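So the structure is just underneath, and the comments pick up after that.
Since every read-out is calculated from the coordinates, none of them should be taken as a lab result. Quick caveat, the model's predicted, so the values are computed rather than measured. Here the Cβ is made from the backbone with ideal geometry for all residues, glycine too, and neighbour counts use every protein chain on show.
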Amino acid sequence: MLQSKSKVLIVDNSGAKTAYCIHVYEGYRRRYAYIGNKVLLAIKSIKQIKSKGTKIKQTQKPKTRVKKGMLFKAVLLETKNGIKKLSGDVTTFKRSTAVLLSEKKKFLATRLFTPVPTIFRKTKYARLMFMAHGYIR
């Protein structure tokens, strides 16, 4: 369960590290977002460049399409509230994570660094299963 001003970790290779939720889509005055829902995020921090063997100069900037303060739509992968299944099982997560979308509603990144719940097989975001590190049942 995620709402406005909630902190979210970005788990793809787009260059963003953390973000804050601004708006929850799919509904009139909708307050909470769950796994698989679309939200609007504001980027708060980006990942640092790590180069091997050489020191990074102050003038070098990361070559990413993501910058601090930018707004992106995103799909939620995990929430601290978790997933409740019909069988009665509850799967909870330790953090809230998301994947960024471009303006054309395609994924901004090409890889994910976390396992993805198998719920996404039956949604319009089935491509997440191919980009994922693993699966969660």
The chain - charge dipole about Cα centre, Lys and Arg +1 at Cβ, Asp and Glu -1, debye rounded to 20: 460
Express in whole angstrom the spacing between the alpha-carbon centres of the stretch 70-137 and the stretch 1-53. 12
Is the C-alpha gyration tensor of the stretch 70-126 telling us rounded, prolate or oblate? Criteria: a/c under 1.5 is rounded; beyond that, a/b larger than b/c is prolate, otherwise oblate. prolate
Calculated FRET efficiency, K67 and R95, Cβ-Cβ r, R0 22 Å, to nearest 0.05? 0.40
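Could you state the orientation-averaged shadow area of the convex hull built on the Cα atoms of the chain, in nm² to one decimal?
Mean projected area for the chain: 9.6 nm², to one decimal.
Grab the other residues whose beta carbon is less than 11 angstrom from that of K80, score K and R as +1, D and E as -1, and report the net.
Once positives and negatives cancel, what remains is +2.
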Hey, what did the chain get for relative contact order, percent, Cα under 8 Å, at least 6 apart? 23
Tell me, which longest segment in the chain has none of the chymotrypsin sites (Phe, Trp or Tyr not before Pro) that fall in DSSP loops with at most 14 further Cβ atoms within 10 Å? 35-112
